[in-house]
Amino acid sequence: MSGGTTAWAAMDLSAVGIGPVSEGLAEPDQMNAFLRVVCDTRAGESYLMWRRYMAIAEMVDLAVGWAADADADREAHRVLEPRTMVAARVQVGLSVGSGGAQAMVDRAEAARDRIPHCGELLRDGVVSVQTFSLLVFETAAVTDRELLALIDLTLAQALRELGAVSNSRAQKTARSVVRRIDPEGARRDREQARAAERVQSFPVGGDMATIAITGSCEDVAQAEAGVEATAAGVCENDPRSVAARRSAAALARLKGVAFTCACGADDCAARLSQEEIDARCARLVVHVVCPGSTLEGGDEPGVLDGYGAIDAGLVRDIVAREDVAVRALDLAELSKATARAADRYRPTAACEVAVRTLFGQCTWPGCSRQAWRCDLDHVCEYNHADPAAGGATCFCNLNPKCEFHHLIKTFGEGWLDDQVIDAHGVIWTEVSTPEGFTVRSQALNTWLLPDLGLIPCTHGEPLVPGVPVAGEEPMRTSTRLEAKHAYRMRLRAEHRRAAQSGPVKTIAPMFDDDTPPPY
């Protein structure tokens, strides 16, 4: 392949929405036009990858045809069977690793043959290249052709109707569809996956290493919550980032040593004893929500907070554990009350569980923060001075937002979100940029609570939305530029220390000392 300019650079791409943006537009319109280019180029990437996959699938057909006259059993067991040889060609053509080339062959056959309706999502720009690879992964264990065809059709339709499609939303939707249509296959897959339980560690550079633990999703969720609870036991002067505190807390728990605040103060009040840490972890809650019929032996899957759909058998296994408390969620209660009588700002327990379950994660497009670690936000602001006039504490006006995106809504100039219920009772959220670019998303777990949006609300329309009482906007301890420069300074210091601590390694000279340099 030539390293020169390709024909793409000379093409006029205005017809597909990614031509030059007119400088004559008003600045807000320019911002929207550039954002539209960002979105349309991603759709173009998806189409081009679909076209690549179709070409690779045709290459497979050619290679298989060439081998058709050979002994079929021998061909199937050859190391250099047709698909491997196609992958070798792709590897040479694209200069990618053999594993990456083989993955392209697998996805190409999936896009054309295994899940063609989902392949059309890639063609039409509904999903990104990475999202499609997740759909291939989530459907890979399905072996029944009829069930796979139904899963493909159902999943593609669900994603076309989902609104904003992020990696997380697509993967969780795929997981729920597979577990509803092929519950027996999901059970087999779970049993086989237990063989992958392990602990691994590997270096990541800079004298650092990563430890990875593979276990059941509910145990990992509980362990992660324990790390979060432990890491929170520091004072406000602890200089570490949230990620660094979580790392230190996890390692302390694994090593069986105390996790301490790093503020350096002798009188720090945030010193937790092992008994206090154990007490914190004992109060942890990992949320699983399922239909009542699942507990009675049905096949309907449940939802594990942060993970998504889990098969019915796993739900029953979790319920059978001694440390599990089961509480019924009666949606009929929501027709009577959605806010606490003593504090109308706070939802009832039933309303909170219903809202967090329905959305499953932060409702900001692209964010995957799990619902029970988000704030519950009043979309139309609650009026503390006159609650009846402001936004209601009701499932129709509440949704989960992570702390960061809650801050954007509260302090970001011009950002707007909304929540609507359509004629079919489906709940949708909308987020609009300050320039008016709007993205709409369907509630992720509508399949689990399909009747929630049909429950009649008992409150009136908001008349005077309240003013958020969130205090002052939080500020950075350093600017982005300062943080980048500090990071570079740390890297330089590490490199200098490494250079000073040992002999300098040199490469043999390319030219003789008497030869003038070629420049």
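The values are calculated or read from the model by the stated rules, or taken from the named source; none is laboratory data. If you're wondering where the values come from, they're calculated on a predicted model, not measured in any experiment. Neighbour counts run over all protein chains shown; Cβ positions are idealised from the backbone, glycine included.
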Return a yes/no flag: does region 180-191 have any residue that is outside any helix (DSSP H, G or I) and modelled with pLDDT under 90. no
Identify all residues within region 266-283 that are surrounded by 12 or more Cβ atoms within 10 Å (Cβ to Cβ) and either among the hydrophobic types (A, V, I, L, M, F, W, C) or in contact with an Asp or Glu (Cβ under 8 Å, 6 or more places away or on another chain) (or both); write none if there are none. Cys268, Ala270, Leu272, Ile277, Ala279, Cys281
Restricting attention to region 18-35, and to residues there that are surrounded by 10 or more Cβ atoms within 10 Å (Cβ to Cβ) and free of Cβ contacts under 8 Å to residues at least 24 places away in the same chain, which single residue is nearest to the chain's Cα centre (by Cα)? Phe34
Within region 376-392, of all residues that are buried (at least 17 other Cβ atoms within 10 Å of the Cβ) and of a type in the set (Asp, Glu), the one farthest from Glu228 (Cα to Cα) is Glu381
Here are Thr210, Thr260, Thr214: which of them is surrounded by 15 or more Cβ atoms within 10 Å (Cβ to Cβ) and either of a type in the set (Ser, Thr, Tyr) or in the same structural domain as Arg440 (by the TED database) (or both)? Thr260
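Between Gly306, Gly298, which is under 28 Å from the mean Cα position of the chain (by Cα), part of a loop (DSSP other than H, G, I, E, B), in contact (Cβ under 8 Å) with a residue 12 or more places away in the chain and not assigned by the TED database to the domain that holds Asp451?
Residue meeting the stated conditions: Gly306.
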Among the candidates Val86, Val79, residue that is among the hydrophobic types (A, V, I, L, M, F, W, C), out of contact with any Cys (no Cβ under 6 Å at 6 or more places or on another chain), assigned by the TED database to the domain that holds Leu134 and at pLDDT 95 or above: Val86
Go through Gly360, Gly366 for me and flag whichever is at pLDDT 95 or above, in the same structural domain as Glu435 (by the TED database), surrounded by 15 or more Cβ atoms within 10 Å (Cβ to Cβ) and touching a Ser or Thr at 6+ places or on another chain (Cβ under 6 Å). Gly366
Starting from region 219-233, keep only residues that are surrounded by 19 or more Cβ atoms within 10 Å (Cβ to Cβ) and small (Gly, Ala, Ser), then list their pairs with residues that are at pLDDT 90 or above and part of a helix (DSSP H, G or I) whose Cβ atoms are within a distance under 6 Å, requiring at least 6 positions of separation or different chains. Ala231/Arg245; Ala231/Arg246; Ala231/Ala249
Check whether at least one residue in region 137-156 is in the same structural domain as Cys39 (by the TED database), in contact (Cβ under 8 Å) with a residue 60 or more places away in the chain and more than 20 Å from Val315 (Cα to Cα), and report yes or no. no
Can you tell me which residue in region 355-400 is nearest to Cys217 (Cα to Cα), limited to those that are out of contact with any Phe, Trp or Tyr (no Cβ under 6 Å at 6 or more places or on another chain) and in a strand (DSSP E or B)? Gln370
How do the pairs read when you match residues in region 378-395 that are without any contact (Cβ under 8 Å) to a residue 12 or more places away in the chain with residues anywhere that are buried (at least 20 other Cβ atoms within 10 Å of the Cβ), using Cβ under 8 Å and keeping only pairs 6 or more apart or on different chains? none
Considering residues that are of a type in the set (Gly, Ala, Ser), part of a helix (DSSP H, G or I) and more than 23 Å from the chain's Cα centre (by Cα), the number found within region 194-252 is 4
Report yes if Asp323 is of a type in the set (Asp, Glu), farther than 23 Å from Thr173 by Cα and within 27 Å of the chain's Cα centre (by Cα), otherwise no. no
